[in-house]
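One structure below.
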Amino acid sequence: MNNKRISLLMTAMAGGAAAMMAAGGERTIVETDAYRWAGDTIYQNEFKAWAESPEEIRSTYKGRPGYFMPVEQTWKRKNDLTKYPVLTTENMLHQAIFNMGLDEMVNAVEPDTTLRTGKEWAGVWTRDVSYSIILSMAALQPEASMISLMKKVNKSGQIIQDTGSGGAWPISTDRMVWVLAAYEIYKVTGDRKWLETVYPIAVRSLEKDEKTVMSPHGLVKGETSFIDWREQSYPRWMQTADISQSEAMGTNVMYAAAIEATSKMASALGKKKEAEKFAAKAKALAAAIDKKFWMDDKGYYGMYTYGRDNKILNPRHETLGAALAILYDIAPLEHQKSISENAPQTPYGPAIFWPQIPDMPNYHNNALWPFVGSYWTIAQAKAGNEEGTLEGIGAVFRPAALFATNKENFNLDNGDYFTELNSSNMLWSLSGNLGITMRILFGINFEENGLRIAPFVPETLGGTRSLDNVSYRGAKLDITVNGFGSRVKKMTLNGKEIDPLAVIPASKLKGECKIVVDMDNEPIAKMAVNHAGNRKAPLTPIAWLTFNADIAKDKSAFPNYLQWNPIEYISKYLVLRDGKVVAETRETSYPALEEGEWQVIGVAGDGTQSFASEPRSNRKKEDIYFADSSYTTTLSSPELSYRPQEDLSGASKGKFVEIDMNSAPVEAVVEIPEDGVYSISVRYANGNGPVNTENKAAIRTLTLDGSKAGTVVMPHRGVANWNDWGMSNSVVLPLGKGSHTLGIIYLPEDENMNIQTNHAIIDKIVVEKFGGIENN
């Protein structure tokens with residue numbers, strides 16, 4: 001044992017009287033109903049993991065028998081870590097977990113100096129590498145971070161959305177996290193050439209998105225950031241075209257932060273007017289987020305809007321978006337505190353979202369991903385929540401120790417690593433592991449012109465710890481933090497006292513620098529944690545409309561009776577018309593006497609809601625117009641004809657138009673019987689890729705009488721599924737009585753992420769009278 005470690009142990013013993021002590025004299029750091037971290041050991045049921053040394057972790061954990069990815073029982077350092085930060089602390093397990101993160105980080109650096117996604121996942125993925133860079137890779141692997149980000153720029157000089165439901169962009173729209181990562185690299189390195197390179201890429205990408213993915217509410221459309229398997233977080237009835245029109249809180253929060261980062265880039269480059277423009281856009285988006293997603297009754301943001309023509313808010317809590325709202329100050333300060341105290345927590349840590357979907361396997365659903373847990377924990381520290389921070393640290397360190405690697409995800413029911421997909425040595429997981437120590441316990445915050453050191457040290461982690469050999473703009477920093485608390489009492493740089501609240505200018509950090517931080521050793525103000533447990537939502541009702549002659553005023557009237565299957569453990573049902581609750585009932589039917597789009601939500605006895613059922617419309621048939629296109633090898637304009645609503649789900653009868661990037665515009669003339677608001681969509685097939693990934697979504701511009709009117713998105717419907725027909729998103733427009741020409745054309749902003757394949761077949765243009773403009 002070296003002299004420095006002996007000194008640290010003596011300091012810990014001197015200050016340990018206030019700490020909880022477990023049996024055998026071990027210092028309990030954090031304990032939940034699922035596990036306990038005491039001393040250098042983590043205990044979970046009959047299993048335990050401990051540090052043999054700062055370079056070895058051993059575990060007795062045994063996961064699911066026969067699983068194809070057996071858990072590692074031991075981690076031992078295999079790489080040379082001498083050029084990376086050296087953590088010294090009285091807690092050997094913490095030291096070993098940090099070193100394991102560094103060791104696996106070295107494993108992740110490929111021969112081409114890119115950052116590998118995980119042991120099982122080769123290559124660079126935009127969101128994975130970007131979230132990893134923000135957490136810690138910008139500081140620890142700046143060169144590899146730069147090279148990796150530039151791998152995710154296409155020939156058009158825009159950021160690549162390389163994966164997502166239904167063919168990536170614009171169903172998935174979280175590629176702008178790249179901008180946050182690029183700006184983080186600039187803050188770490190101060191490299192102006194880097195800034196000059198990445199700023200135009202950010203601007204071009206934002207400008208393209210502005211033409212395609214902005215909703216009428218000023219929000220960004222597309223699925224929740226990183227949760228990119230449709231059925232893992234959306235109701236089964238939702239098609240990927242529906243998801244493309246949904247507005248996700250997490251994606252919007254990330255996007256607002258990215259626009260603000262673009263503004264700061266512009267300012268650093270002396271582009272004052274551009275900086276002001278982007279700052280205003282970021283502020284407007286933040287306000288729109290708060291207006292659309294905030295739920296006063298729950299004290300946190302809802303997860304996303306969903307539906308068809310009349311969207312409603314999914315009231316689930318979503319952890320990554322909530323964390324980013326706190327970290328980037330997208331949420332107002334009073335909401336940040338509320339989110340910290342009211343966000344539901346489970347014994348194993350923060351769920352990806354809460355409550356869970358009951359009939360869906362574990363992956364994004366019913367799972368915790370350590371990188372998300374890391375963002376949440378850093379946000380809890382920023383909010384000043386000591387208990388929440390401790391439980392967050394435990395939620396990341398527990399699986400790292402027990403599995404002896406940085407796994408991608410685990411099951412929230414039992415803490416096991418068995419999920420639909422998993423990998424060891426995951427880049428964003430190890431980045432979160434390292435980021436927790438660097439950003440929370442050492443309080444390292446990179447700013448444009450220097451470092452801000454603001455540790456947040458829970459009392460049970462109090463003592464003395466040091467992080468030596470930290471590289472920063474050519475300097476080598478040794479940082480020591482003494483004590484516990486949320487406030488710095490004293491800070492010195494090379495023995496001279498400095499303002500503990502000020503940013504240390506980069507110009508003062510040259511050569512070898514020693515920073516010593518003394519915390520105030522005062523109890524941190526108590527904040528609440530919502531220990532809600534791992535709750536499952538009720539199943540989603542299946543609803544349908546029929547005609548009930550007994551309640552009909554007119555025998556030729558529209559379907560007037562809403563029915564649905566009974567759901568177990570339900571105390572009541574909410575009936576919705578055009579996205580608004582119009583009734584509560586314990587029955588499984590309801591008279592739908594008005595035209596509209598009808599849905600049902602089941603509510604359990606504890607108030608937990610199911611997803612809303614698939615929308616069912618009973619608008620009169622004469623208000624709905626269909627246009628059939630006739631197949632032709634020259635792809636000329638289709639002929640218009642009318643068909644009854646029942647034919648919508650029928651076969652195409654061999655008549656369709658094939659569209660690619662070189663096709664002539666598809667046009668149809670429609671006769672509108674009366675002034676009003678109408679929704680326009682197309683029936684299409686796209687067999688160019690699977691439902692849950694790849695990048696060949698077909699995108700086209702809808703024109704009305706020759707002018708651009710909106711964007712039509714036609715996601716994948718399955719590999720080679722060319723006879724699987726579905727509806728695109730709808731574009732809602734006011735139309736006057738009379739003839740109108742509708743066009744489906746390809747414009748430059750319709751370029752997808754594949755670039756070469758942007759192809760589908762369509763057989764109908766659908767025009768329907770619309771009744772819910774206020775909710776769309």
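The values are calculated or read from the model by the stated rules, or taken from the named source; none is laboratory data. Nothing here was measured: the structure is a model prediction, and the numbers come from that model. Please note: Cβ atoms are built from the backbone with ideal geometry, for glycine as well, and neighbour counts cover all protein chains shown. SASA here: full protein model, heavy atoms, side chains in, ligands and nucleic acids out. Shrake-Rupley method; radii C 1.70, N 1.55, O 1.52, S 1.80 Å.
Brief remarks follow.
- Within segment 486-530, the only residue that satisfies the criterion of being open to solvent by 60 Å² or more (accessible area, probe 1.4 Å), small (G, A, S) and within 13 Å of P458 (Cβ to Cβ) is A525.
- Residues of segment 595-615 include none that is within 15 Å of I762 (Cβ to Cβ) and either in a strand (DSSP E or B) or at pLDDT 50 or above (or both).
- Qualifying position, being among the aliphatic types (A, V, I, L, M) and closer than 20 Å to L180 by Cα, among L421, L368, L402, L427: L427
- Subset of segment 358-395 [open to solvent by 10 Å² or more (accessible area, probe 1.4 Å) and in a loop (DSSP other than H, G, I, E, B)]: P358, D359, M360, P361, N362, Y363, G384
- Number of positions in segment 253-288 that are part of a helix (DSSP H, G or I) and over 24 Å from the mean Cα position of the chain (by Cα): 9
- Test result for K572, at pLDDT 95 or above and not β-branched (V, I, T): yes
- The residues of segment 417-456 that are among the charged types (D, E, K, R) and farther than 25 Å from W125 by Cβ, listed by number, are E447, E448, R452.
- When the residues of segment 297-335 are filtered to those that are over 13 Å from the mean Cα position of the chain (by Cα) and among the hydrophobic types (A, V, I, L, M, F, W, C), the one that is surrounded by the fewest Cβ atoms within 10 Å (Cβ to Cβ) is L333.
- Whether a residue is open to solvent by less than 10 Å² (accessible area, probe 1.4 Å), on the phi < 0 side of the Ramachandran plot and either at pLDDT 95 or above or among the basic types (K, R) (or both) was assessed, and G349 does not pass this test.
- Listed by position, the helices (runs of 4 or more DSSP H) enclosed by segment 80-186 that each have at least 1 residues that are in contact with a strand residue (DSSP E or B) (Cβ under 8 Å, 6 or more places away or on another chain) and open to solvent by 10 Å² or more (accessible area, probe 1.4 Å) are 92-108.
- Matching residues in segment 307-347 - criterion: being in contact (Cβ under 8 Å) with a residue 60 or more places away in the chain and in a strand (DSSP E or B): I312, N314, E318, P344, Q345, T346
- Criterion: open to solvent by 10 Å² or more (accessible area, probe 1.4 Å) and at pLDDT 95 or above - qualifying residue of G483, G443: G483
- Scanning segment 446-480 for residues being more than 33 Å from the chain's Cα centre (by Cα), without any contact (Cβ under 8 Å) to a residue 60 or more places away in the chain and surrounded by 20 or more Cβ atoms within 10 Å (Cβ to Cβ) gives a total of 1.
- Strands (runs of 3 or more DSSP E) within segment 653-762 that include 1 or more residues open to solvent by 30 Å² or more (accessible area, probe 1.4 Å) and farther than 28 Å from N310 by Cα: 657-659
- Some residue of segment 224-244 being open to solvent by 30 Å² or more (accessible area, probe 1.4 Å), at pLDDT below 95 and among the aromatic types (F, W, Y): yes
- Filtered residues of segment 541-581 (kept if among the aliphatic types (A, V, I, L, M) and either open to solvent by less than 50 Å² (accessible area, probe 1.4 Å) or farther than 22 Å from M238 by Cβ (or both)): A543, L545, A549, I551, A552, A557, L562, I567, I570, L574, V575, L576
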